[in-house]
Amino acid sequence: MAIFKGAGVAIVTPMKDNLEVNYDKLDEILEEQIAGKTDSIVICGTTGESATLSEEEHLEAIRFTIERVNHRIPVVAGTGSNCTQTAIQMSKEAEEAGADGVLLVTPYYNKATQNGLIAHYTAIANEIKIPAILYNVPSRTGCALQPKTIAHLVKNVGNIVGVKEASGDISHVAQVMNLCDGQIDLYSGNDDQVVPLLSLGGLGVISVLSNVAPQYVHDMVYKFFEGDVAGSRKMQLEALPVINALFCEVNPIPVKAAMNLQGKEVGPLRAPLTEMEPEHQEVLKKAMKELGIL
């Protein structure tokens, strides 16, 4: 069984003005997401500013989210690291807290060979019983999971069940699906490629857009599943101006700006991220109004 099917939100981490994590606000946006039919919460990923959370904050955000969601929808915890032992420890603690699965980004900066990636992921998965989703985002990490490596892991490690694909390379994704023989849960990691990946056998998306349009992204995915491919495609194409604006500066700068435009008051970003440039905010605002989410 897949951890989830549909639209998982790569949820932001709200901050107070003093840059402490705002748990009251996190509670609010979790409730809004569930009411908006989001199919899973993905906490402490890239969009959640995991790179600038302390280990204590990271684990507390995971625990808080699991407690508040309370089994209503699955919670996937971002527990990847460029240190294998850290990723093991974080994953074990997420499992103990009740996470339904973990999302494991490839090791960044120090990187690894493909054999090193197999060893890294196998070591983490062997220390936990909950399912793990690989996260392939070479533009962020400088470290790409090759299709053969992904296929080896899902076929040889029982609880490595899926991949969040954010390479942007459709041919790469097609090769992954070919080599995995249907044994992998594929999630789009790019909001502008959801429908193309669904057409290759994907189960859904781990979405930034869902922070500002949860019902929209859920409906786009489920239209596809229900056979309304034309309707799903139409929604994908109509969302492109907002999606482009959400990635015109490094994520999560624009999505926090978008949520603040919606009055959600998710606060500022931790350095080195800075606030969105005013001219880009105007483009974002216009696109959101045209899509009917502002």
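At most 12 other Cβ atoms within 10 Å and a DSSP loop assignment: could you name the GluC sites (Glu not before Pro) in region 1-74 that fit? Walk me through the numbers before you get to the answer.
Numbers: sites: Glu20, Glu28, Glu31, Glu32, Glu49, Glu55, Glu56, Glu57, Glu60, Glu67; in loops: Glu20, Glu49.
Answer by residue number: Glu20.
Using only DSSP helix segments of four residues or longer, with each worth -39500 (n - 2.57), what per-residue ellipticity at 222 nm results for the chain after dividing by its residue count and rounding to 500?
Helices in the chain give a 222 nm mean residue ellipticity of -14000 deg cm²/dmol.
Can you order the peptides 252-260, 233-241 by their average number of other Cβ atoms within 10 Å per residue, highest first? Walk me through the intermediate numbers first.
Working: 252-260: 22.9, 233-241: 16.7.
Packing order, densest peptide first, comes out as 252-260, 233-241.
For region 145-250, state the average projected area of the convex hull of the C-alpha atoms over all orientations, rounded to one decimal in nm². Intermediate values should be presented prior to the final figure.
On the way: hull surface 27.8 nm².
Reported value for the Cα convex hull: 7.0 nm².
Which pairs in the list Lys25/Lys234; Lys25/Lys92; Lys16/Lys223 are over 31 Å apart, alpha-carbon to alpha-carbon? Don't skip to the answer; put the middle values down first.
Values: Lys25/Lys234 33 Å; Lys25/Lys92 27 Å; Lys16/Lys223 37 Å.
Those over the limit are Lys25/Lys234; Lys16/Lys223.
Using 7 Å Cα-to-Cβ label points, what is the Glu277/Gln146 separation (nm, one decimal)?
Those two pseudo-labels are separated by 3.8 nm.
Quote the FRET efficiency, to the nearest 0.05, computed for Ser171 versus Glu290 with a Förster distance R0 of 25 Å and r equal to the Cβ-Cβ distance. The partial results should precede the final answer.
On the way: r = 32 Å, r/R0 = 1.27.
Once the sixth-power term is evaluated, E becomes 0.20.
Check each of the trypsin sites (Lys or Arg not before Pro) in region 1-102 and keep only those in coil by DSSP with at most 15 other C-beta atoms within 10 angstrom; list them in order.
Lys16, Arg72
Two decimals is fine: what is log10 I(q)/I(0) at q = 0.16 Å⁻¹ for region 76-166, from a Debye sum with one equal scatterer on every Cα and no solvent?
Values, matching the q order: -0.53.
Mind checking region 94-198 for trypsin sites (Lys or Arg not before Pro) that DSSP puts in a loop (not H, G, I, E or B) and that have at most 15 other Cβ atoms within 10 Å? Write out the running numbers ahead of the final one.
Numbers: sites: Lys111, Lys129, Arg140, Lys148, Lys155, Lys164; in loops: Lys111, Lys129.
In loop regions of region 94-198 (DSSP not H, G, I, E or B), the sparsely surrounded trypsin sites (Lys or Arg not before Pro) are Lys111, Lys129.
Across all directions of projection, what mean area in square nanometres is found for the Cα convex hull of region 1-112?
Working: hull surface 29.4 nm².
Value for region 1-112: 7.3 nm².
Can you give the percent of C-alpha pairs in region 193-294 whose distance is more than 23 Å? Let's see the in-between values first.
Numbers: 1460 of 5151 pairs.
Cα-Cα pairs of region 193-294 separated by over 23 Å account for 28 percent.
Starting from the Cα coordinates of region 79-128, work out the convex hull volume and express it per residue in Å³. Mind showing how you got there, number by number?
Numbers: hull volume 2.9 nm³, N = 50.
Each residue corresponds to 58 Å³ of Cα convex hull volume.
For region 240-294, how big is the tail of P(r) above 13 Å, as a whole percent of Cα pairs?
Numbers: 778 of 1485 pairs.
Considering region 240-294, 52 percent of its Cα-Cα pairs are separated by more than 13 Å.
In the Gaussian network model of the chain, springs joining C-alpha atoms below 10 Å, which of Ile184, Ile34, Ile62 carries the largest mean-square fluctuation?
In this elastic network of the chain, the residue with the biggest mean-square fluctuation among Ile184, Ile34, Ile62 is Ile34.
Output ³J(HN,Hα) for region 196-211: one whole-Hz value per residue in order, computed from phi by the Karplus curve 6.51 cos²θ - 1.76 cosθ + 1.60 with θ = phi - 60°, and x for Gly and Pro.
So the Karplus estimates, Gly and Pro as x, are x, 6, 4, 5, 8, x, x, 9, x, 9, 9, 10, 7, 3, 4, 4 Hz.
For Asn244, project a label point 7 Å along Cα to C-beta. Then give me every residue of region 184-222 with its amide nitrogen under 19 Å of that point.
In region 184-222, the label zone of Asn244 (backbone N under 19 Å from the point 7 Å along Cα→Cβ) covers 190-196, 208-210.
Can you give me the long-range amide H partners of Gly267? Hydrogens built in the peptide plane at 1.01 Å from N, cutoff under 5 Å, separation of 5 or more residues or another chain.
Met15
Across 10 Å bins from the origin, how do the percents of Cα pairs in the chain run, short distances first?
Reading the bins upward from 0: 7, 30, 38, 21, 3.
Take the Cα radius of gyration of region 120-188 and divide it by 2.2 N^0.38 Å, with N its residue count; two decimals is plenty.
Numbers: Rg = 11.3 Å, N = 69, 2.2 N^0.38 = 11.0 Å.
Against the empirical 2.2 N^0.38 Å value, I get 1.03 for region 120-188.
Can you give me the solvent accessible area of Cys83 with a 1.4 Å probe, rounded to the nearest 10 Å²?
For Cys83, solvent-accessible area is about 60 Å².
Could you work out how far the C-alpha centroid of region 1-52 sits from that of region 93-133, in angstrom?
Between the Cα centre of region 1-52 and that of region 93-133, the gap is 20 Å.
The values are calculated or read from the model by the stated rules, or taken from the named source; none is laboratory data. Treat the numbers as computed from the prediction; the structure is a model and nothing was measured. Counting neighbours? That spans all protein chains shown, and the Cβs are built from the backbone with ideal geometry, glycine included. Each accessible area value is taken on the protein alone, full model and side chains, heavy atoms only, with ligands, DNA and RNA left out. Shrake-Rupley method; radii C 1.70, N 1.55, O 1.52, S 1.80 Å.
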